[in-house]
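Every number here is computed from the coordinates shown, using simple stated rules; none is lab data. Being a predicted model, the structure only gives us computed values, none of them experimental. Heads up, the Cβs are rebuilt from the backbone with ideal geometry, glycines too, and the neighbour counts pull from every protein chain shown.
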Ligand code: 86X
């Protein structure tokens, strides 16, 4: 009896030792993980509790940006830059299909040229950054760093356009611009230097120009809805919110999770405002001098910030598959005490990676991190799909797919995996769009009175209100409530009654108001 017990005990101890050894072996590779300060790895605040801290953490921890020595500027790291490249690739193709060409104009604009059309620059003068010298020599005329390129481009347009045969002239440039803003900077959303595309076009007729304004606005809506999976509100800016140099400005507006509206892209009909100021004219078929009709339009890296804010959750980023730098990450579930099994799993993982070559797939075969660590790491980066392969999966010739958007797990046969992965990616794209759409719909509230308006705006929602279409009321509303007009949707429901702000005037337009960026 006693002997038996001792034997049992001895075996237990032996087993324990074995387990311990295995555990040590299993832990050994995790030193890299241990070195990393745990509290620094994940997002430590909840998105709905402290949105701005959440945003600050996510852009750092998902390795999207780095602060720069100059306040208001930022480094765009590869993981974020690749999103911008995907947007560029899509848009560049689309605008070329429309007949627009790319070009590049200088970064520096002489002061006299920038101020030629004083009216549109006036409000912006404090934002212009200047180069005043080279070496120790002062320039005779200081040079603005382009805040936007109307003036420098239109100086060329004046030279290039002579006859109706030179029209339309439709150019776009992908570049950086600098605006020395004084509101506190927010990476992507408000920085002093940012990347964008700016399109500048000139037509013989008003009709052609105005058609393009809408075509571009629809393209911007597609960038948000199809690529970023974000629904937008399309409409016209009020006269006080439009670009001063434009006849009218159309925009796409987005609702951020903190209840603020944000402008996602703008398309301006410039009419003949600039052509008259810059003397961009042509001889029509009858030999009469005419001024051209112009547009300008822009979409920037701000869109990346909007994506982060709209789709991210408490675990980190959620990348829409259409623009995700990485679609899926394969994580082998390996135990360091089973080298032969591990080898087989890694081989299988590599084989699967090869088979999935039509999707952007990564294999995380880092030896010094545990599977759990890797799960968190790639969730933080918002990779849409995780593919787990463990010993049991290998035996069953299956993998486990885990969706980033829902967290739902599903065992899937390796045979036919590509088709399944592509289908799930498309489903994730739809699902996060629909989720954002629901959020938007739920947060647009029709109001008819000032008290209701105030309540809605305070709750972080968009007020949709009948308005008299006067700048006075718009300004008063802004003063009293802090809300700004977003835009006036093109499709207007029938309106009757008075302006919601109690001015007594007849309501002319239904308009969106919200606190905004
Ligand atoms: C307005 C108008 C327009 C082409 C776009 O919105 C899309 C792309 N340009 C840009 N805007 C200015 O004109 C402006 C001018 C100066 Cl001098 C400045 F410092 C800041 C500016 N900001 C905006």
So what does log10 I(q)/I(0) come out to for the chain at q = 0.08, 0.09, 0.11 Å⁻¹, using the Debye formula with one equal point on every Cα and no solvent? -0.64, -0.77, -1.04
Which whole-angstrom value gives the distance between the alpha carbon centres of region 347-361 and region 181-225? 38
Expressed in nm to one decimal, what extension gain is obtained for the pair residue 155 and residue 93 from 0.36 nm per residue of sequence separation less their Cα-Cα distance? 19.6 nm
Could you please rank 104, 512, 248, placing first whichever residue has the fewest other Cβ atoms within 10 Å of its Cβ? 104, 248, 512
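Sort 471-481, 55-65 for me by packing, meaning the mean count of neighbouring Cβ atoms within 10 Å per residue, highest on top.
Output ranking for 471-481, 55-65: 55-65, 471-481.
Ranked highest first by the average count of other Cβ atoms within 10 Å around their residues, in what order do 174-180, 130-136 fall?
The densest-packed peptide leads the list: 174-180, 130-136.
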Taking R0 as 25 Å, what FRET efficiency do you get between residue 490 and residue 225 from their Cβ-Cβ distance, rounded to the nearest 0.05? 0.95
Proxy exposure order for 98, 74, 307 (fewest C-beta within 10 Å first) is 98, 74, 307
Region 58-118: C-alpha gyration tensor shape, a/c 1.5 cut-off, then a/b vs b/c: oblate
Output the 0 to 90 degree angle, nearest 10, between the alpha-carbon long axis of helix 471-481 and the longest principal axis computed from the alpha carbons of the chain. 30
In whole Å, how far is the Cα centre of region 400-419 from that of region 65-144? 43
Apply the a/c threshold of 1.5 to the C-alpha gyration tensor of region 306-354 and tell me whether it is rounded, prolate or oblate. oblate
Take residue 445, project a point 7 Å from its Cα along the Cβ direction, then tell me which residues of region 495-517 have their backbone nitrogen under 18 Å from it. 500-502, 511-516
Given a Förster distance of 60 Å, the FRET efficiency implied by the Cβ-Cβ spacing of residue 286 and residue 347, rounded to the nearest 0.05, works out to 0.20
Is the C-alpha gyration tensor of region 67-168 telling us rounded, prolate or oblate? Criteria: a/c under 1.5 is rounded; beyond that, a/b larger than b/c is prolate, otherwise oblate. oblate
Could you put 418, 83, 400, 121 in order, starting from the residue whose Cβ has the fewest other Cβ atoms within 10 Å? 418, 400, 121, 83
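Take the Cβ-Cβ distance between residue 70 and residue 107 as r, set R0 to 22 Å, and report the resulting FRET efficiency rounded to the nearest 0.05.
Details: r = 16 Å, r/R0 = 0.74.
With a Förster radius of 22 Å, E is 0.85.
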